[in-house]
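To start, the structure itself, in structure tokens.
The values are calculated or read from the model by the stated rules, or taken from the named source; none is laboratory data. These numbers come from a predicted model, not from an experiment. When we count neighbours, we look across all protein chains shown, and the Cβ atoms used for this are built from the backbone with ideal geometry, even at glycine. In case anyone asks, the SASA skips ligands and DNA or RNA and just uses the protein heavy atoms, side chains included. Shrake-Rupley method; radii C 1.70, N 1.55, O 1.52, S 1.80 Å.
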Amino acid sequence: MQPGQRRDSFAILLILGVLLVLPLGIGQSRYMMSVLMNCAGMAVIASGVWLTFCIGRINICQAGFALIGGYVTAILIAKAGLSFWLALPLSCAAAALCGALIGSVILKLKGIYFSMLTICLTEAIRLAFLNGGSLTQGAKGITGLPQQFAGDSALPLYYLGIALLAVALGVVWRVHYSRLGGIFRAMRLNEDLAESFGVNVWRYRIMAFAIACALGGLGGSYFAVFTQSIYPQSFTVEHSIYYMLFCFLGGLEYVSGAMIGAFALTILFELLQDFQQYQSLIYGVLMIVVMLTLPNGLMALRGFSFAWPQRKGAAE
Amino acid sequence: MLQILINGLILGSAYALIALGLTMVFGIMRVVNFAHGQMYMLGGFAVYYLYGQFGVPFWLALLLAGLTLGLIGVLFNRYLFQPVLANSKREESSMLMAVGTALLLENVALSLFGEKQRGVPALVDGVLVLNDGDAYLPYSNLAVALISIAFISALLLFVQYTKPGRALRAVAQDKEAAQLQGVNVKVITTLGFSIGAALAGIAGGLLVTLYGVNSGIGTNISTKAFIMIMIGGAGVSSGAIVGGFALGMAEAVGYDLLPSSMTYLLIFVAMIVFLIFKPNGLFGKPWG
């Protein structure tokens, strides 16, 4: 194992381990549990964004796919009467399918074009659900989903969140630290070169994007069950941007980056309850500060010095 | 039918002004200024306070709005974008910086100005009735369209015929070659960024007289601006103008037939389909 990989696995196992035993320590405070469930859900969604960073695309439509996952779950449970255990994988698959379809079209765009288009796509998906007629119930959304686990305890839902997080990280880990990950890295660095070495760039791009969207759908589905509702404002462009920030804060070189960013920021803001109203403002400032001072993210902190980046001069 | 055409042209001329600013920044720095819509919003508020509240003449208020935003542009570029562009290993960095500034501006405006929708009195009263009541054209809308066309022409002339304008085009074409020719790239880049920001402010200041302004419109305007420059091709002035008019027309037709959220859904779908066939927009150069 490379040193970076070891550090990465250590961070993941540490956090997952702590999460597993935490309910014993903090008792079953509903509030603490819901904060952690929130973190876990966000981390699942953000790890999808992280994966698209791997192929050199900035994905700002993850909130759209989370919305797809949430709506599919809500519709399947509320309208079709399916059980949650069926709805969860189905919504994951639906998001992946949408991702593959849309991705096969938009993934040939690169860099800034891709990001601009994905912002528009988040909006488009939101508008589509807003105009979905009686199926999606417009701006009201689908509310009052039944509670999935009998009883008062939040524990089952909590452990479901942890399990989903573990699955998401497992998938991303498997992809990143395998031959596939090497291919993705090659595609990020130079797509044309990768193609000239016989990589079927088109196929791998779509594969990466579909996995990312599946993770978005998984997280969205979890949130729909957790909050027992879904409406078009559940996931917006702003959320897409936060997911990106999570990845950047945690570090783009480490699989655990998305998770660490999500947990760090979400918990930080719960601690700073008094500043809740300034949340977006602080996110904005934080984003600028992170870009100026921590270009490699939190996970890289010990490996790289915590110093202002060296000036390489204006040349590109 | 005539009414739709008029609405489309009026909207289009203002939109072209918005898109021009964004495309200019992109052409010179290869950075998409995600805060463009937020800058538009600030321009709107500047005019709201100066012209609507303190009674400053409109032309002065508009110029001051442009100037303020130009100054913000200089500061942003000097202290935020230049360091990141100089240091970053990944091109994502400058984009995330832009997103950060957008969040920052929006929330500063939210805490300073509140959430309320603000409006100012119309520039001129009266309505032009065309074709025996077939179509109505309020003079204030006409004034906005004419002023924005004036600004667009002024900018195009500036870029075409003045020395700094030529330097701007040179930097957009090839940074290193421009530097070798003695162009001070840093200064020119800053100039370009601040002109882009000022254009956003002016567009906001103009449109506040028609649609009002609130602190939350930034993302909406940015999204529209992205659509326009993707239609026309990022970094190309003519593309921005064509994109602006195309979107203005599409909106005018759509609003006449459909509810507004449906209109935008169709516009998004149409744009994605369009980009399948022309990934670089109408006039864009092939660029990653």
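Being among the charged types (D, E, K, R), more than 20 Å from the chain's Cα centre (by Cα) and closer than 29 Å to A:PHE246 by Cβ is true of B:GLU115.
Checked against the criteria, A:LEU189 counts as open to solvent by 20 Å² or more (accessible area, probe 1.4 Å) and within 14 Å of chain B (Cβ to nearest Cβ). Residue under question is B:LEU191, and the condition is that it be among the hydrophobic types (A, V, I, L, M, F, W, C) and open to solvent by 40 Å² or more (accessible area, probe 1.4 Å); does it hold? Answer is yes for this residue. Hey, any hits in the stretch A:242-253 for a residue that's of a type outside the set (Val, Ile, Thr) and modelled with pLDDT of 90 or more? Within the stretch A:242-253 (the criterion being of a type outside the set (Val, Ile, Thr) and modelled with pLDDT of 90 or more), the answer is yes, since at least one residue qualifies. Taken together, the residues in the stretch B:271-287 that are more than 9 Å from chain A (Cβ to nearest Cβ) and surrounded by 15 or more Cβ atoms within 10 Å (Cβ to Cβ) amount to 3. Check the stretch B:118-130 and report whether any residue there is touching a helix residue (DSSP H, G or I) at 6+ places or on another chain (Cβ under 8 Å) and either within 14 Å of chain A (Cβ to nearest Cβ) or in a helix (DSSP H, G or I) (or both). Within the stretch B:118-130, not a single residue is touching a helix residue (DSSP H, G or I) at 6+ places or on another chain (Cβ under 8 Å) and either within 14 Å of chain A (Cβ to nearest Cβ) or in a helix (DSSP H, G or I) (or both). Residues that are crowded, with 24+ Cβ neighbours inside 10 Å, touching a strand residue (DSSP E or B) at 6+ places or on another chain (Cβ under 8 Å), more than 13 Å from every other protein chain (Cβ to nearest Cβ) and farther than 17 Å from A:ILE125 by Cα: does the stretch A:218-239 have at least one? Looking through the stretch A:218-239, at least one residue is crowded, with 24+ Cβ neighbours inside 10 Å, touching a strand residue (DSSP E or B) at 6+ places or on another chain (Cβ under 8 Å), more than 13 Å from every other protein chain (Cβ to nearest Cβ) and farther than 17 Å from A:ILE125 by Cα.
Filtering A:LEU252, A:LEU245, A:LEU265 for residues that are open to solvent by less than 10 Å² (accessible area, probe 1.4 Å), within 8 Å of another protein chain (Cβ to nearest Cβ) and in contact (Cβ under 8 Å) with a residue 12 or more places away in the chain leaves a single hit, A:LEU245.
Of everything in the stretch B:251-262 that is open to solvent by less than 40 Å² (accessible area, probe 1.4 Å) and touching a residue at least 60 places away in the same chain (Cβ under 8 Å), the residue that is nearest to the other protein chains (Cβ to nearest Cβ) is B:GLU251.
Please verify whether A:LEU281 is assigned to a helix (DSSP H, G or I), open to solvent by 30 Å² or more (accessible area, probe 1.4 Å) and touching an Asp or Glu at 6+ places or on another chain (Cβ under 9 Å), treating the condition exactly as stated. First the steps, then the outcome.
Details: assigned to a helix (DSSP H, G or I): yes; open to solvent by 30 Å² or more (accessible area, probe 1.4 Å): yes; touching an Asp or Glu at 6+ places or on another chain (Cβ under 9 Å): yes.
So A:LEU281 passes the test.
Could you please let me know if A:LEU109 is at the interface with chain B (Cβ under 10 Å from one of its Cβ atoms) and outside any helix (DSSP H, G or I)? First the steps, then the outcome.
Details: at the interface with chain B (Cβ under 10 Å from one of its Cβ atoms): yes; outside any helix (DSSP H, G or I): yes.
It is true that A:LEU109 is at the interface with chain B (Cβ under 10 Å from one of its Cβ atoms) and outside any helix (DSSP H, G or I).
Being touching a residue at least 24 places away in the same chain (Cβ under 8 Å), part of a helix (DSSP H, G or I) and of a type in the set (Gly, Ala, Ser) narrows it down to one residue among B:ALA178, B:ALA172, B:ALA154; which is it? Steps first, answer last, please.
On the way: B:ALA178 fails: touching a residue at least 24 places away in the same chain (Cβ under 8 Å); B:ALA154 fails: touching a residue at least 24 places away in the same chain (Cβ under 8 Å).
Criteria check complete, one pass: B:ALA172.
Residues that are touching a strand residue (DSSP E or B) at 6+ places or on another chain (Cβ under 9 Å) number at least 3 in the following helices (runs of 4 or more DSSP H) confined to the stretch A:1-102: A:62-78.
Residues that are open to solvent by less than 40 Å² (accessible area, probe 1.4 Å) and more than 23 Å from B:VAL99 (Cβ to Cβ) within the stretch B:202-243 comprise B:ILE202, B:GLY205, B:LEU206, B:LEU207, B:VAL208, B:THR209, B:GLY212, B:VAL236, B:GLY239, B:ILE241, listed in sequence order. Would you check if B:LEU265 is within 11 Å of chain A (Cβ to nearest Cβ) and open to solvent by less than 30 Å² (accessible area, probe 1.4 Å)? So B:LEU265 fits the description; yes. Evaluating A:LEU286 against the criteria (1) out of contact with any Lys or Arg (no Cβ under 6 Å at 6 or more places or on another chain); (2) modelled with pLDDT of 85 or more; (3) at the interface with chain B (Cβ under 10 Å from one of its Cβ atoms) leaves one unmet condition, (2).
Report yes if A:ALA208 is touching a Gly at 6+ places or on another chain (Cβ under 7 Å), surrounded by 24 or more Cβ atoms within 10 Å (Cβ to Cβ), among the small types (Gly, Ala, Ser) and farther than 16 Å from A:SER91 by Cβ, otherwise no. Against the criterion (touching a Gly at 6+ places or on another chain (Cβ under 7 Å), surrounded by 24 or more Cβ atoms within 10 Å (Cβ to Cβ), among the small types (Gly, Ala, Ser) and farther than 16 Å from A:SER91 by Cβ), A:ALA208 does not qualify. Candidates are the residues of the stretch A:117-148 that are closer than 20 Å to A:THR73 by Cβ and within 18 Å of the chain's Cα centre (by Cα); the one that is surrounded by the most Cβ atoms within 10 Å (Cβ to Cβ) is A:THR122. If you filter the stretch A:63-96 down to residues that are free of Cβ contacts under 8 Å to residues at least 12 places away in the same chain and over 20 Å from A:ALA43 (Cα atoms), you find that the one that is surrounded by the fewest Cβ atoms within 10 Å (Cβ to Cβ) is A:GLY81.
Listed here are the residues, each with its yes/no results for (1) in contact with a Ser or Thr (Cβ under 9 Å, 6 or more places away or on another chain); (2) away from every other protein chain (no Cβ under 13 Å); (3) at pLDDT 80 or above; (4) open to solvent by less than 70 Å² (accessible area, probe 1.4 Å).
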| residue | (1), (2), (3), (4) |
| --- | --- |
| A:GLY261 | no, no, yes, yes |
| A:PRO295 | yes, no, no, yes |
| A:MET299 | yes, yes, no, yes |
| A:PHE304 | no, no, no, no |
| A:GLN310 | no, no, no, no |
| A:GLY313 | no, no, no, yes |
